[in-house]
Amino acid sequence: ANAGEALVLLENSLTLSRVTLIAPDGQVLFDNMGEADSFDNHANREEFIGALSRGSATAIRRSDSSGMDMIYYAQKLQDGSVLRLSAPLRLVHSVFAGMLPGLLGGMAAIVCVAVLLSRIIAGTLLKPLSNIDLDEPEAANTYEELTPLLSRIMEQNKRSRQQIARLNAKQQEMDMLLNGMSEGFLAMDARHRLLSVNKSALQMLGVSAQDAQGRTLTAINRQPDMLNLLEELERTGTASATLCQGGRIYLLSASKVDGGSGSVMLIRDITEKTEGELMRKRFSANVSHELRTPLTTIFGYSDMLASGMVKPEDRQDFLERITAESRRMLDLVEDILRLSKLDEGYQGGRREKVDVLDCAKQTAVSLEAAAEFKQVRLTVTGEPLHVLGDPTLVGELIYNLADNAIKYNKPGGEAEISVHRSGDRVNLVVRDTGIGIHPTQQDKIFERFYRTDKSRSKETGGTGLGLSIVKHSAEYHSATLSVQSTPGQGSVFTVS
């Protein structure tokens, strides 16, 4: 359209908006709100300039003619003139306000419908996916597009199961190794909280697996030796200590893990080793003492004889004393050799049927003279019964028990050796009416060189090793050894 056509249409139109037709030079050609000649040139109007340059333009500004805020829209015509529409800005706001409830209601309805439809569509789409079994994804009936993904999940599951199986196998091997150890093993974190504990460690520390799991080592055992060890471990990275627990002696060795913040500890039971060392020390001291006494006596008497200080009538007495001390020393050495062989397991021992009653009768014959000298009545009773063992050891066991029953008896007393059956076991019982043994000493009489009455032992010429030989001989034959005694009334030794 051009300005002429637009002018004809505008003069015959009815509209509530203000319509203005502007020439290319800014001269107002038509305005439905007033005479065209009464308006200033519009060449500097923002909307007019924009329409000439871009073809159309909008602007919001205060009108010079009406003094109100107006919204303008300008459109360039074919001949270069500009057709402009304008309306008060408040009118636009009122129109928008009137449309707002409808717009909001429409938007709410659209949102509700969209949510409902999205749920329906999403449920339909996701239902096949929710039915997928991740353990067997390929068996699921779902979209063809997901087949590669499901195959990949299946392969990953296989690899995961294989890795888990390998880890479980290694864990089982580790558990078997740790639980099969006789030593105790502990694994701890930086705060000394237990991460892993084997059965031996639980037994040594005297706790259950439930009580130990997740607790710190100091909460389980607060002995000073344990606390000092942990302090040294933190300070130097390695530590060791001995711990007495439940009547046992344990060696603790701990060290920090390289490259980590945790530590490990090894617990070894050294009770037998420690007691063995103490026993060897006591044994060496006792042997030295026991040998020193007869050697000193022999040396003294022989020195006096050699120097001519002994009267001729006393020479025989000196020689007899030297002979007695030599015999005592020889008996001591022989007993020590017997104990040494028994400690080593008595490698030369035999395993054959031994008649215990016959051994007891032979022992009674060999001790007949000693019993007469001590005025003790020695008897043997029982039935012929056999055990599997070494005849020499069985004979020495009976001899030592019977010899003690005579030595530590009273004049006119009795000593009895009896052999009888008790169930499937053979019992050898040596009973006497002698001086007896005090209850506090009964647990110690089987120790080497232990004597209940040292003065009496020297009189009888005992070496202090007889009952130790009895104990080792009983152990060699897997026999139990017990004693019942009352001071002043006698003793009963039973080997079963």
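The values are calculated or read from the model by the stated rules, or taken from the named source; none is laboratory data. Keep in mind that what you see is a predicted model, and the values were worked out from it rather than measured. Please note: Cβ atoms are built from the backbone with ideal geometry, for glycine as well, and neighbour counts cover all protein chains shown. When the accessible area is computed, the model is the full protein with side chains, heavy atoms only, and any ligands, DNA or RNA have been set aside. Shrake-Rupley method; radii C 1.70, N 1.55, O 1.52, S 1.80 Å.
Observations, loosely collected:
- Residues that are exposed (fewer than 12 other Cβ atoms within 10 Å of the Cβ) and in a loop (DSSP other than H, G, I, E, B), drawn from the stretch 20-39: 25, 35
A quick yes/no check of all residues on (1) at pLDDT below 90; (2) crowded, with 18+ Cβ neighbours inside 10 Å:
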| position | (1), (2) |
| --- | --- |
| 342 | yes, yes |
| 368 | yes, no |
| 381 | no, no |
| 407 | yes, yes |
| 414 | no, no |
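- If you go through the stretch 236-274 and pick out every residue that is part of a strand (DSSP E or B) and either in contact (Cβ under 8 Å) with a residue 40 or more places away in the chain or aliphatic (A, V, I, L, M) (or both), you end up with 17.
- Answer residue from the stretch 4-19, given it is within 9 Å of residue 32 (Cβ to Cβ) and surrounded by 17 or more Cβ atoms within 10 Å (Cβ to Cβ) and is modelled with the lowest pLDDT among those: 10
- If you go through the stretch 40-63 and keep only what is more than 14 Å from residue 20 (Cα to Cα) and assigned to a loop (DSSP other than H, G, I, E, B), you end up with 44, 55.
- Considering each residue of the stretch 304-315 in turn, none proves to be modelled with pLDDT of 85 or more and of a type in the set (Val, Ile, Thr).
- Subset tally (residues that are under 21 Å from residue 427 (Cα atoms) and surrounded by 19 or more Cβ atoms within 10 Å (Cβ to Cβ)) for the stretch 370-379: 1
- Of all residues in the stretch 145-183, exactly one satisfies the criterion of being in contact (Cβ under 8 Å) with a residue 40 or more places away in the chain and not small (Gly, Ala, Ser), namely 183.
- Residue 79 vs. criteria of a type outside the set (Lys, Arg), open to solvent by less than 90 Å² (accessible area, probe 1.4 Å) and either in a helix (DSSP H, G or I) or under 30 Å from residue 54 (Cα atoms) (or both): yes
- For the residues 116, 125, 134, the requirement of being under 60 Å from the mean Cα position of the chain (by Cα), open to solvent by 80 Å² or more (accessible area, probe 1.4 Å) and modelled with pLDDT of 90 or more singles out 116.
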